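All of the numbers you see were taken from the coordinates with simple rules; none came from a lab. No experiment lies behind these values; they were computed from the predicted model shown. No Cβ is skipped: glycine too gets one built from the backbone with ideal geometry, and neighbour counts run over all protein chains shown.
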Amino acid sequence: VRALVFQDGLQFRTDYPLPRPGYNEALIRVLVAGICGTDLEVIRGYMTFHGVPGHEFVGVVEECGEEGLQGKRVVGEINLGCGVCAYCLKRMRNHCPNRSVLGILNKDGAFADYLTLPVRNLRPVPETVTEEEAVFVEPLAAAFEIIQQVSIRPQDRVCVLGDGRLGLLVGLVLSLTGCSLSVVGKHETKLAILEKRRIPVFMQSNFAEKEFDIVVDCTGSGSGFETARQLVRPRGTLVLKSTVAQRNGVDLNSLVIDEITVVGSRCGDFGSALRALNEGTVDVTPMISRSFPLEEGIKAFDYAASPGVLKVILKML
Ligand SMILES: [Zn+2]
Ligand SMILES: [Zn+2]
C-alpha cells in the first residue's frame, strides 16, 4: 500500500505492507490526515520514531470485531495503553508508561492508505461533520482539555499566547466559556481568523504585568513561559500547552512568591471536540491552508514547515 515512511529521511513508498489488525483492533482505510507540529518534529528526530508518521486522521472502518463500526467514518484517540497497568486500570491510558502513540511512538500512523487502532480508541464521526472538519478532532480535543483541567468563569481574564495551529484552536475553544479573552500573536492573517469571531487579538502584549487570572502558553518557544509568567496575577494559573526543546531563564522562585498554579496540558477526550464540530460552535475550516494528495506528501511537509502556514492536510484518494 502507499505510505509516507520516515527512515533516514521521509520517503513516499507504494510497496509498504498492509498493516494487520492486532487483538481487538480495527483496520481503517484513511481518508484524510492532518500534518501538525509534532509530525514536523518527528521527521527531525523527535522520539527517534521510525515508520509511518501521522496521528490526525479520519478514516473508514474496513475490518472490525464490532459490527456497529463496520463501514463507519471514524476518528481515533492516539494513545494506546497496555491495558493492565495501574494507570490503564484507572482510565488514564494517556499516561500508561508502556503506551504506544499513533505515528509518534512504536505505532505506524496515518500518512498511509491504511492504519490499525484498538476498537476502543475509535469514535464515529457524525454525518453532518465533514472530513476536513473531523481531521481537527485530535488537536481540538487538546484545546478542550484545558477547560477540563482549569475552571474558567465568565469573570476571568484569560490570555492565550501564540497564534499557531494550537493557539488558534485554544482561542476558539476558550471563547466558548464567555470569559474575558485576549489572544496575542505575531501574524495578522492568522489572528484574523479569531477576529472574525470577535475575539480580541493583539500583535504584541502591551498588557500591564500580572493583568490576567489565567495565561495559556501556546507559543511553542522557550520564552513563552517567561512572558506568561509576567502576565499572570498572584494566585493565578499558568497553563503550558506546548513542549519546547528548552526553557531558559525561568525564575521558579517567582512562582512560589506569587503562589502560581502551573498546569501541564496535553491530549484531551474526543467527545467535546466532536460535539463542538457537530453543533457548529467551533469553525475550524478557515484554518486549512492547503491540501495535497498522499503522493505529494514530501512537498506537503515542506509546505507545512514554511512560515505563515496553518493546517496542511493529505487526501488519500
Ligand atoms: Zn497533532
Ligand atoms: Zn498501561
- request: Choose one answer from Y114, Y303, Y87: the residue with the largest mean-square fluctuation in a GNM of the chain with alpha-carbon springs under 10 Å.
  value: Y87
query: In deg cm²/dmol and to the nearest 500, what is the mean residue ellipticity at 222 nm of the chain if only DSSP H runs of at least 4 residues count, each as -39500 (n - 2.57), divided by the residue total?
result: -6500 deg cm²/dmol
- prompt: How large is ³J(HN,Hα) for each residue in region 23-30, as worked out from phi by the Karplus curve 6.51 cos²θ - 1.76 cosθ + 1.60 (θ = phi - 60°), to whole Hz, x for Gly and Pro?
  reply: 4, 6, 9, 10, 9, 10, 8, 7
query: Which of K72/K241; K210/K311; K186/K241; K72/K196; K190/K241 have a Cα-Cα distance over 27 Å?
result: K72/K241; K210/K311; K72/K196
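For a quick check: sort E131, E67, E188 by the number of other beta carbons within 10 angstrom, fewest at the front. Display every interim value, and only then the final one.
Values: E131 17, E67 7, E188 12.
Least to most surrounded, the residues fall as E67, E188, E131.
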query: How many percent of DSSP beta bridges within region 54-151 run antiparallel, rounded to 5?
result: 100 percent
Value of Rg to Rh for region 177-307 (Rh from inverse mean 1/r over Cα pairs, i.e. Kirkwood): 1.01
message: Distance between the C-alpha centers of region 243-306 and region 151-200? Whole Å please.
response: 13 Å
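Over its Cα atoms, what ratio of radius of gyration to 2.2 N^0.38 Å does the chain give?
Values: Rg = 19.6 Å, N = 317, 2.2 N^0.38 = 19.6 Å.
Against the compact-globule rule of thumb, the ratio is 1.00.
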message: Using 0.36 nm times the number of residues separating T189 and H50, minus their current alpha carbon distance, what extension gain do you get?
response: 46.6 nm
- request: Provide the percentage of antiparallel DSSP beta bridges, counting only those with both residues in the chain; round to the nearest 5.
  value: 55 percent
